[in-house]
Structure formats: C-alpha cells, structure tokens
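The values are calculated or read from the model by the stated rules, or taken from the named source; none is laboratory data. Predicted model only: the values in this text are computed from it and were never measured. Cβ placement follows ideal geometry from the backbone for every residue including glycine, while neighbour counts extend to all protein chains displayed. The accessibility values were calculated without ligands, DNA or RNA, using every heavy atom of the protein model including side chains. Shrake-Rupley method; radii C 1.70, N 1.55, O 1.52, S 1.80 Å.
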Amino acid sequence: MVLSKPTMSLIDAITSRRSIRGFLPDQVPQEVMQHVFEIAQQTPSNCNTQPWKVFVASGEVKDRLRDQFVERLEQGVPGQPDYPYVSRWEGEYRQRQVDCAVALYNEMGIARDDKVGRHRAIRRNFELFDAPHIVFLGMNRDFGATISLDVGMYAQTLMLTMHAFGISSCAMGSMRAYPDLVREAFGLGEDTGILLGISFGYEDPDVDANRTRTVREPLSNAVIFKG
C-alpha cells in the first residue's frame with residue numbers, strides 16, 4: 001500500500017526502523033518522494049549552511065549505475081572513495097561488527113568458510129539489493145569531518161521520514177567506492193564528493209536478509225550522566 005501521509009510517530013519510527021536488504025520492484029510515486037525529501041530538507045545544520053548535496057537515481061539511470069558498480073566489483077577494481085574510511089575495528093567495536101555480520105549471514109545461510117556466499121553477499125550491495133531507487137549524499141570536497149556531521153543528520157532525518165511513510169531503506173557505505181560513476185551519471189564536477197548512498201523502496205518480505213535483527217548496547221555503556 002502506498003502511503004501519502006505518515007502513519008507513525010517520531011518515536012515509533014526511531015524504534016522500529018531497520019536496514020532492509022531486499023526490495024520489491026515497485027517504484028515510490030514521485031509525489032511521495034517529493035514530500036519525503038521536502039521534509040528531510042528541514043534537517044538542522046551548522047549556521048544553516050545546509051551543506052548536503054542529494055542525488056536520486058531511478059529507472060534507467062539507477063540500472064546503469066548498478067551495472068557499472070557490479071562490473072567494477074567483479075573486475076576487482078579497487079575503490080577510490082573521496083573521503084578516508086576506517087576499515088579496521090578493534091575491541092568492542094570489532095565485536096559489534098562481527099555480531100552484525102553473523103546475524104546477517106546466518107539469515108542468508110552463509111557459513112563462515114563459504115567464500116562464494118560471502119562474495120555474493122558483497123555483490124548484493126552493489127546490486128543495490130534490487131531497490132528501485134538509490135540516493136547519493138555528498139558535499140563540497142573542501143569540507144571535512146565537522147561538516148559531514150550535518151550530512152549524517154540529513155541521512156537520519158531522510159531515512160526516518162521514509163520509514164514513517166512506509167518506505168524502507170538501507171544506508172550503504174559501499175556506495176562511496178566509485179564516486180566518479182556518480183559524478184558522471186549526474187553531470188557533477190570534481191568539487192562534489194560522495195559520502196554514502198541509501199537504497200530505498202518497498203520491502204520484499206520474502207528476502208531472507210530482511211529477517212536480520214541486531215541489538216543496541218544498554219544506555220549505561222554509551223551515556224554518562226553527571227550533575
């Protein structure tokens with residue numbers, strides 16, 4: 001069912017949203033997308049600079065980008081992201097990363113030593129999980145970590161708004177791997193850097209990966225109150 005109005009509170013959206021890794025082919029109506037992105041535009045930012053740059057690909061443009069991503073992956077072309085990324089996690093952060101991967105791979109029936117299955121799981125990212133839409137979020141390449149926080153807040157606002165309208169999504173760091181393809185598709189200059197992509201559409205309930213559930217740390221492990 002296509003929703004023209006949100007059907008849940010902000011709190012419900014925050015507590016029930018999850019990453020979806022399998023989508024139906026149904027397109028999100030343009031008027032619904034327009035409304036969702038208009039709401040996301042209300043995201044706060046430093047001095048109201050609104051540094052985010054937002055590029056939505058659907059239809060043939062999305063299909064062409066998907067095919068180009070997959071081709072580079074299969075050819076073993078190294079990623080060339082615009083911004084550095086921490087690829088090694090230690091201690092508790094590594095454990096959470098492993099726990100997340102185990103939960104996902106268990107649902108997908110991928111064993112630890114299943115190299116073919118693991119590659120297939122990685123490829124699914126570059127196939128955009130069959131989503132009918134992908135949005136790329138970027139900013140001016142002169143901006144650094146402080147300004148990227150504003151883009152992160154935009155991403156959260158956007159995904160929560162989508163969820164409130166019955167639209168599923170998955171934030172994807174893998175979409176930073178080949179930013180030149182995104183710039184080419186949208187006719188962008190080198191001054192625009194790509195931070196991440198978000199696949200979105202309507203969830204396919206028959207996809208095994210969509211049964212994945214993760215847990216959050218107790219508040220005492222994350223927040224310190226003093227007074």
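In segment 128-148, which residues are open to solvent by 40 Å² or more (accessible area, probe 1.4 Å), farther than 22 Å from residue 187 by Cβ and of a type outside the set (S, T, N, Q)? Passing the criteria: 130, 145. Taking the conditions (1) out of contact with any Leu (no Cβ under 9 Å at 6 or more places or on another chain); (2) closer than 20 Å to residue 190 by Cα; (3) surrounded by 18 or more Cβ atoms within 10 Å (Cβ to Cβ) in turn, residue 151 satisfies each one other than (1).
Taking the criterion of being in a loop (DSSP other than H, G, I, E, B) and either closer than 26 Å to residue 216 by Cα or in contact with a helix residue (DSSP H, G or I) (Cβ under 7 Å, 6 or more places away or on another chain) (or both), the residues of segment 103-131 that qualify are 109, 110, 111, 112, 127.
Considering the conditions (1) charged (D, E, K, R); (2) free of Cβ contacts under 8 Å to residues at least 60 places away in the same chain; (3) touching a His at 6+ places or on another chain (Cβ under 6 Å), residue 63 is excluded by exactly one of them, (3).
Looking only at residues in segment 182-213 that are surrounded by 18 or more Cβ atoms within 10 Å (Cβ to Cβ) and aliphatic (A, V, I, L, M), the one that is nearest to residue 107 (Cα to Cα) is 209.
For segment 103-115, residues that are loosely packed, with under 14 Cβ neighbours inside 10 Å and not acidic (Asp, Glu) total 5. Can you spot a residue in segment 134-155 that is assigned to a loop (DSSP other than H, G, I, E, B), of a type in the set (Gly, Ala, Ser) and over 26 Å from residue 46 (Cα atoms)? The answer is no; no qualifying residue exists.
Please find, within segment 73-102, the residue that is surrounded by the most Cβ atoms within 10 Å (Cβ to Cβ) out of those that are outside any loop (DSSP other than H, G, I, E, B) and touching a Ser or Thr at 6+ places or on another chain (Cβ under 8 Å). It comes out as 100.
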